[in-house]
Amino acid sequence: MPLLSCKAFRQISGNFFSAKYDNGQAEPSRPIPLTPIAQARNCASSGCPFCTILMANADPSFLPEEVLYTDAMTLKRAMIDPEQSFQLFIGMDDFSRTFFYRVPPEWRLPSLAELDKPWDELTLMRTWLSNCVTKHSKCRQTASRGFPKRLLDVRAFASSNDIRLVESQSVLATTKYVTLSHCWGPVAKHLICTSKATLSDRMQRIQFEDLSMTFKDAVKICRDLDQKYLWIDSLCIIQDDGEDWSEQAAAMASIYGGSYVTLAALSSADSTQGCRIRPREPAKPKLSRYQDFNFGSRRVRILEHSPTYWHSEYGDNPYKHDGYGSSPLRTRAWTLQERELSLRCINFAQGQLLWQCRTMKGSSELPWQEMIRKHDDSYPLPLKLNQREDFTSHGPAFQRDHWYGLVEDYSSRYLTNETDKLPALAGLASKFSEEQNPGNYLAGIWSDHLPSALLWRTVPLYSRNRDQPISPLAAFLPRRPQAYRAPSWSWTSIDGEISYESQRIGGCDDTSCIFDSEYGNFKITGSYYQLVATFDTLGTPSDAALRMRGNITELEINMQPIEGDFTKSLRRLIWADGTTVGAFYPDIVDDFRFVRSVYVLSIRSEPFYSSIQMPSCLYGGKVSFSEPASWNDYDLRMGLALLRARSGEVYRRVGLVRWLIKEVFDGTQPVQLRIV
């Protein structure tokens, strides 16, 4: 059935989708009368895309059957999210909710997206790039600090698909190039590489047929986007040349930051699976079909179902309780900085493309905006270090929390070589230092973030949702590396997921009243930090220690899980008389097989509005949750669990202490100590 002959469609004017009705307080002058449900179903079965979408999630099963034929439906903006959805009614009863989005001018392309003919990938990629380059001031290319040492010329041979490797001296520094972010995969599926022995041949010619599927796709996309140069790590870095590898690894910030766009093979586990959209896993929500309609001068995209959330499609964890996704590329540690350093990134996800730049995110379903949760979740807020800090997005508290978020994301990913822990983060650290000036870099921790930065904990696999898939690479996490990599007070001394939940607050409507950073007698007095390579200030230390002054005491431990702790990670701290005086998260549970006590160091007071509440059974209900004032009377403490490292006041960190009764420090005096 031609759309213009659809009676329901002809009843709706562009005014219904006007932004003036978005807040739910104003309504169109009257509900729009449509057709009976039975007529709309017949219209849909005749091929009308509008009625097909209207009926896709309509559920009138609770209505008497006769009204399906006799009573006309009415159309109203939805009560929830009226700016992006409308509902169908019979009388006062609603029986559907349909999502719509106004198409902005830059996305009003000559061809309308249709139910069974959505925009193709190349149209999406070209439009994203054109809009970003011409309209996004945040995405303007800054003066590059460097240029890749080598590039792949994908248009080297006019009559062949073959490519070749070129030295950057032969390319203008202003030349655009594309970067690839991908999974190498297991050794058995390792991709074509450049070595000392093959460098000369690569400079002459690389046969297209010798490339892996992922590399072939990247070359084709590069050409389709009218680009001449492509950067791929395994081909542009000499893999068996330690000096070349170190030099280029240290330049990742400029390589990815200077690229025109990064192509990310998000859903491909190795080089044989391509840089392309792959089928969706059965557990993922089904993608919605959609169509663009012109209502007068207004163009609107209407979807059969709710569009997917961007963060879920990629695998992000913005609300800090969902866990991270399992897309292969997102599970690899090196690829975090490849994503974060890029000005623009096109992700080839499951079933659709995902766009990300410094200005916006988009998807094949909604190319011009990010679908986010609005009602069922809220972001936790950062815990302040001092009274002067505020909750502005560019203030020190949020910038500190941004780094903590990067640490959490990075630590949830896997490395093939445990020695890459700090090198794979160096590009991100360089960018963060340049933009935020957070002080000295101490093995993944910034000096201006102390002492807050010490209060991390490990996240054992069993504390996560058991329904989430677990990578074989995570089988023995968390664990310590085989060789020294960082001091025990740094999260980089551990392989495994890290959480900074102790440094966030939640559940408070009035943030102006929140401030509790009572440090008591605790103070960091100095540091010692010796680098393996003195020229590499973001590199791996050979030795490091923090010097501090604070109250410390020894307590017994009970390694049985605490009832009511949903993470199954907390353990009790016990006083000499057997009573519980606090709890701690062991960094690695197996380290405590033969340990009966730990030293506890008090660092700061516990906030009432902590994003993770104290298990109610810890003190048998004796500590009140009801009011901040009564909570503050207890002055519970947060700090570190330590073991002696050698004679004197020298310790190593073994856990995070929470909700510790301050009386355990009665009679103690502040001491000078070192943690190594």
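The values are calculated or read from the model by the stated rules, or taken from the named source; none is laboratory data. Quantities reported herein were computed from a predicted structural model and do not represent experimental measurements. No Cβ is skipped: glycine too gets one built from the backbone with ideal geometry, and neighbour counts run over all protein chains shown.
Which one of the conditions (1) assigned to a helix (DSSP H, G or I); (2) modelled with pLDDT under 80 does N465 fail to meet, given that it meets all the rest?
(1)
Can you name the strands (runs of 3 or more DSSP E) wholly within segment 593-676 that have at least 3 residues being assigned by TED's automatic domain parsing to the domain that holds Q503, within 21 Å of I562 (Cβ to Cβ) and modelled with pLDDT of 85 or more? Walk me through how you get there before you give the answer.
Details: elements: 597-605, 637-646, 650-660, 671-675.
Qualifying strands (runs of 3 or more DSSP E): 597-605, 637-646, 650-660.
Quick one: which strands (runs of 3 or more DSSP E) lie wholly within segment 484-584 and hold at least 1 residues that are aromatic (F, W, Y) and either in the same structural domain as L428 (by TED's automatic domain parsing) or at pLDDT 80 or above (or both)?
Ranges flagged: 523-531.
What is the number of the single condition among (1) surrounded by fewer than 19 Cβ atoms within 10 Å (Cβ to Cβ); (2) at pLDDT 90 or above; (3) among the polar types (S, T, N, Q) that Q25 does not meet?
With respect to (1) surrounded by fewer than 19 Cβ atoms within 10 Å (Cβ to Cβ); (2) at pLDDT 90 or above; (3) among the polar types (S, T, N, Q), Q25 is out only on (2).
Which one of the conditions (1) touching a Lys or Arg at 6+ places or on another chain (Cβ under 6 Å); (2) free of Cβ contacts under 8 Å to residues at least 60 places away in the same chain does Q350 fail to meet, given that it meets all the rest?
Every listed condition holds for Q350 apart from (2).
Being among the β-branched types (V, I, T) and in contact with a helix residue (DSSP H, G or I) (Cβ under 9 Å, 6 or more places away or on another chain) is the filter here; which residues of segment 571-625 pass it? Reasoning before the result, please.
Residues of segment 571-625 among the β-branched types (V, I, T): 574, 579-581, 588-589, 595, 598, 600, 603, 612, 623.
Scanning segment 571-625 gives V581, V598, V600, I603, I612, V623.
Can you tell me which residue among E365, E281 is out of contact with any Asp or Glu (no Cβ under 8 Å at 6 or more places or on another chain), buried (at least 20 other Cβ atoms within 10 Å of the Cβ) and either in a helix (DSSP H, G or I) or not β-branched (V, I, T) (or both)? Explain how you work it out, then say what you get.
On the way: E281 fails: buried (at least 20 other Cβ atoms within 10 Å of the Cβ).
Result of the check over E365, E281: E365.
Could you tell me which numbered condition T174 fails, if it satisfies all but one of (1) part of a loop (DSSP other than H, G, I, E, B); (2) closer than 29 Å to D420 by Cβ; (3) out of contact with any Phe, Trp or Tyr (no Cβ under 9 Å at 6 or more places or on another chain)?
Single failed check for T174: (2).
Checking the structure you have, find out if any residue of segment 196-204 is of a type in the set (S, T, Y), touching a Lys or Arg at 6+ places or on another chain (Cβ under 6 Å), over 20 Å from L266 (Cα atoms) and surrounded by 15 or more Cβ atoms within 10 Å (Cβ to Cβ). Break it down into steps so the answer makes sense when it comes.
Let us first name the residues in segment 196-204 that are of a type in the set (S, T, Y), namely 198, 200.
If we keep only those that are touching a Lys or Arg at 6+ places or on another chain (Cβ under 6 Å) too, we end up with none.
The answer is no; no qualifying residue exists.
Tell me, yes or no, whether segment 101-110 has at least one residue that is closer than 20 Å to E304 by Cα, without any contact (Cβ under 8 Å) to a residue 40 or more places away in the chain and not assigned by TED's automatic domain parsing to the domain that holds S364.
no
What pairs come up if the first residue lies in segment 552-563 and is among the acidic types (D, E), the second is not in a strand (DSSP E or B), and their beta carbons are under 6 Å apart, counting only those six or more places apart or on different chains?
Note: pairs meeting the criteria are E563/C617.
Looking only at segment 247-265, count how many residues are under 27 Å from the mean Cα position of the chain (by Cα) and either in a helix (DSSP H, G or I) or not assigned by TED's automatic domain parsing to the domain that holds K361 (or both).
9
Tell me yes or no: at least one residue of segment 299-312 is over 23 Å from V103 (Cα atoms) and part of a loop (DSSP other than H, G, I, E, B).
Looking through segment 299-312, none of the residues is over 23 Å from V103 (Cα atoms) and part of a loop (DSSP other than H, G, I, E, B).
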